[in-house]
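K.L.:
Dumping the structure here so I can ask a few things about it.
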């Protein structure tokens, strides 16, 4: 009987660290245990009234935010919408050459993205995936705010697990900004939104002339086809690298770009830190540009082309699923990777 009691006690201590707390410890292969302990202490201090489940979720989200950071070695590149072949066989499979003369999109002139300019970036780190419902739910609940799609989720009794691995929509730029700063507070790291230049540099595999931020620089959609020897051939499952629309907004379904970053083409558009101006590229500083000092809109990057940019009102009228974001660490030291 004593042995059985002792076994139960040991099992309980594994889950609670024999502290009397019921929050299970979060483990990580890359984040040191001491760091996780610091995060747990921070969460308990900031949210003492949160239940065990929520405290655990917040810790899990904070730790995962560090795990997901990919170190990006800085460098110099020519930022902007470089030209494309004028008559490609397929716009999904374009290769750049110095004699390319045509705009990738008509909007390049309107947004000012066709003004090529030299940019030099210091080292930084970027999340390898867009922020998910799992993370944003923790943020919302920690601040006693309704989660995204709360009405629908409650009406149809939809479990959190159903949304967990989907990119979260945002209604305002400030929500994205606040979320990244919140992760910074929890982890003690300088986490923020990436700048527009950081986003493009990473999407283009450190500034290479790549039209799409996929594993090979081409679009190979699920259920898509391509031309081989004069006939169209379906892409195989192993060749898929972008959604066909039916599985949009799920993160990390397809291979990342060469830096290890997922969904920088083919999923959501992503908020960045910069104010928007269609003239900014002509006035941009060379070293770590931060965008205009003020403005009425914020820049969104992504969708498909690595060079596409758009200015969006900082507050939208609803949670559009196409409006997402990812966070960055604004420092020169390595978080996880040395890519």
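The values are calculated or read from the model by the stated rules, or taken from the named source; none is laboratory data. It should be emphasised that the depicted structure is a prediction, and the values quoted were computed from it without experimental measurement. Here the Cβ positions follow ideal geometry from the backbone for every residue, glycine too, while neighbour counts run over all protein chains shown.
K.L.:
Report, by residue number, each residue of region 94-115 that is in contact with a strand residue (DSSP E or B) (Cβ under 6 Å, 6 or more places away or on another chain) and either closer than 21 Å to residue 177 by Cα or in contact (Cβ under 8 Å) with a residue 60 or more places away in the chain (or both). Steps first, please.
P.N.:
Applying the first criterion (in contact with a strand residue (DSSP E or B) (Cβ under 6 Å, 6 or more places away or on another chain)) to region 94-115 yields 94, 100, 102, 104, 111, 113.
Across region 94-115, the qualifying residues are 94, 104, 111, 113.
K.L.:
Do we find a residue being exposed (fewer than 15 other Cβ atoms within 10 Å of the Cβ) and assigned to a loop (DSSP other than H, G, I, E, B) anywhere in region 76-85? Can you show your working first?
P.N.:
Filtering region 76-85 down to residues exposed (fewer than 15 other Cβ atoms within 10 Å of the Cβ) leaves 76, 78.
With assigned to a loop (DSSP other than H, G, I, E, B) added as a condition, the list becomes none.
Taking every residue of region 76-85 in turn, none turns out to be exposed (fewer than 15 other Cβ atoms within 10 Å of the Cβ) and assigned to a loop (DSSP other than H, G, I, E, B).
K.L.:
Moving to a separate point now. Only one of these is part of a helix (DSSP H, G or I), touching a helix residue (DSSP H, G or I) at 6+ places or on another chain (Cβ under 7 Å) and buried (at least 22 other Cβ atoms within 10 Å of the Cβ): 138, 176, 197, 202. Name it. Give the steps one after another, and end with the answer.
P.N.:
Details: 176 fails: touching a helix residue (DSSP H, G or I) at 6+ places or on another chain (Cβ under 7 Å); 197 fails: touching a helix residue (DSSP H, G or I) at 6+ places or on another chain (Cβ under 7 Å); 202 fails: touching a helix residue (DSSP H, G or I) at 6+ places or on another chain (Cβ under 7 Å).
From the options 138, 176, 197, 202, the qualifying one is 138.
K.L.:
Let me ask something additional. Would you call residue 50 crowded, with 20+ Cβ neighbours inside 10 Å, more than 23 Å from the chain's Cα centre (by Cα) and either within 30 Å of residue 288 (Cα to Cα) or at pLDDT 95 or above (or both)? If you could, list the steps in order and put the result at the bottom.
P.N.:
Details: crowded, with 20+ Cβ neighbours inside 10 Å: no; more than 23 Å from the chain's Cα centre (by Cα): yes; either within 30 Å of residue 288 (Cα to Cα) or at pLDDT 95 or above (or both): yes.
When the stated conditions are applied, residue 50 does not pass them.
K.L.:
Here is a list of conditions, (1) within 22 Å of residue 225 (Cα to Cα); (2) in contact with a strand residue (DSSP E or B) (Cβ under 9 Å, 6 or more places away or on another chain), and residue 320 meets all of them except one; can you say which number that is?
P.N.:
Going through (1) within 22 Å of residue 225 (Cα to Cα); (2) in contact with a strand residue (DSSP E or B) (Cβ under 9 Å, 6 or more places away or on another chain) one by one, residue 320 breaks only (1).
K.L.:
If you take the residues of region 285-310 that are part of a strand (DSSP E or B) and touching a helix residue (DSSP H, G or I) at 6+ places or on another chain (Cβ under 7 Å), which of them is nearest to residue 117 (Cα to Cα)?
P.N.:
We begin by selecting, within region 285-310, every residue part of a strand (DSSP E or B); these are 287, 297-302, 305, 309-310.
From what is left, the residues that are touching a helix residue (DSSP H, G or I) at 6+ places or on another chain (Cβ under 7 Å) are 298-299, 301, 309-310.
On the way: 298: 20, 299: 17, 301: 17, 309: 15, 310: 18 Å.
Checked region 285-310; the qualifying residue nearest to residue 117 (Cα to Cα) is 309.
K.L.:
May I ask you to list the residues in region 92-117 that are loosely packed, with under 14 Cβ neighbours inside 10 Å and under 15 Å from residue 304 (Cβ atoms)?
P.N.:
If the condition is that a residue be loosely packed, with under 14 Cβ neighbours inside 10 Å and under 15 Å from residue 304 (Cβ atoms), then 106 is the only one that fits.
K.L.:
Taking the residues in region 218-253 that are in contact (Cβ under 8 Å) with a residue 40 or more places away in the chain, assigned to a loop (DSSP other than H, G, I, E, B) and under 28 Å from residue 108 (Cα atoms) as candidates, determine which candidate is farthest from the chain's Cα centre (by Cα).
P.N.:
Result: 224.
K.L.:
Report yes if residue 337 is at pLDDT 95 or above and either closer than 19 Å to residue 119 by Cα or assigned to a loop (DSSP other than H, G, I, E, B) (or both), otherwise no.
P.N.:
Spelling it out, it is not the case that residue 337 is at pLDDT 95 or above and either closer than 19 Å to residue 119 by Cα or assigned to a loop (DSSP other than H, G, I, E, B) (or both).
K.L.:
Given the residues 277, 265, which is the only one that is within 22 Å of residue 119 (Cβ to Cβ), at pLDDT 95 or above, more than 18 Å from the chain's Cα centre (by Cα) and buried (at least 17 other Cβ atoms within 10 Å of the Cβ)?
P.N.:
On the way: 265 fails: more than 18 Å from the chain's Cα centre (by Cα).
It is 277.
K.L.:
Could you tell me whether residue 70 is in contact with a helix residue (DSSP H, G or I) (Cβ under 7 Å, 6 or more places away or on another chain) and surrounded by 15 or more Cβ atoms within 10 Å (Cβ to Cβ)?
P.N.:
Values: in contact with a helix residue (DSSP H, G or I) (Cβ under 7 Å, 6 or more places away or on another chain): no; surrounded by 15 or more Cβ atoms within 10 Å (Cβ to Cβ): yes.
No, not satisfied.
K.L.:
So residue 63 passes all but one of these: (1) part of a loop (DSSP other than H, G, I, E, B); (2) surrounded by 16 or more Cβ atoms within 10 Å (Cβ to Cβ). Which condition number does it fail?
P.N.:
(1)
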